[in-house]
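Visitor: Provided herewith is a single structure, encoded as structure tokens, for subsequent inquiry.
We did not get these values from a lab; they are worked out from the coordinates using the rules stated. Nothing here was measured: the structure is a model prediction, and the numbers come from that model. Counting neighbours? That spans all protein chains shown, and the Cβs are built from the backbone with ideal geometry, glycine included.
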Amino acid sequence: MRSSRRPPRRRREEKKESFIEKLKGIFGMKPKVDTGSYKKARKAAETEATNGNYNAASVHLFQALVEYGRTRMDLPRKPSQTAREYSKAFAEKAKIDPDLFEPIILQFEIARYSPFTVAQEDFEEAIAVLDSIVKKSVPTIEAKAKGEKRGGKRPTRARARPRRKA
């Protein structure tokens, strides 16, 4: 005999929006674009610059710096790290003058946190600085690839013990 009771319908679980996402929607902020690599972030910055949106281009330029540091220098950005703290850590690891990062960081801070807009000349200066940072940090990367950072040659492998005769 069949039961007359139907199983309860399952409701579709709606994706719950976090508090931060709600605030972003209220204030019209776009979520962070997932660029994934240095080249993609750099290309996104150039695309935004050709469209005349230098604020978004400056943000993408800083993301390109972070992606370069993450992939090439093995230096991921911590969630609690500010842009200036990250640039100091990058400079220490790449052995570059920390003042060199100033145009990139300044344009990023203006774009993200101030009501002003980034000028075209300032953005072009920041892109030139990023290129010079990438060129200056390349020798450090090559040294790391050769094993020079680890203290020279790799230790030799221990010889296998001779087998016992049974």
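Visitor: With label points built 7 Å along Cα→Cβ from the Cα atoms of Lys43 and Arg163, find their separation and express it in nm.
Guide: Result: 5.5 nm between the two label points.
Visitor: Shifting gears a bit: Subtract the Cα-Cα distance of Ser132 and Arg6 from 0.36 nm times their separation in residues, and report this length gain in nm to one decimal.
Guide: Net length gain for the segment: 38.5 nm.
Visitor: Measuring from a point 7 Å past the Cα of Glu109 along Cα-to-C-beta, which residues in the range 63-93 have an amide N at less than 14 Å?
Guide: Residues 82-88 qualify, since their backbone N sits under 14 Å from the label point.
Visitor: Now, a different point. Subtracting the Cα-Cα distance from 0.36 nm times the residue separation, let me have the gained length for Gln120 to Met73 in nm, one decimal.
Guide: The span from Gln120 to Met73 would gain 14.0 nm if fully extended.
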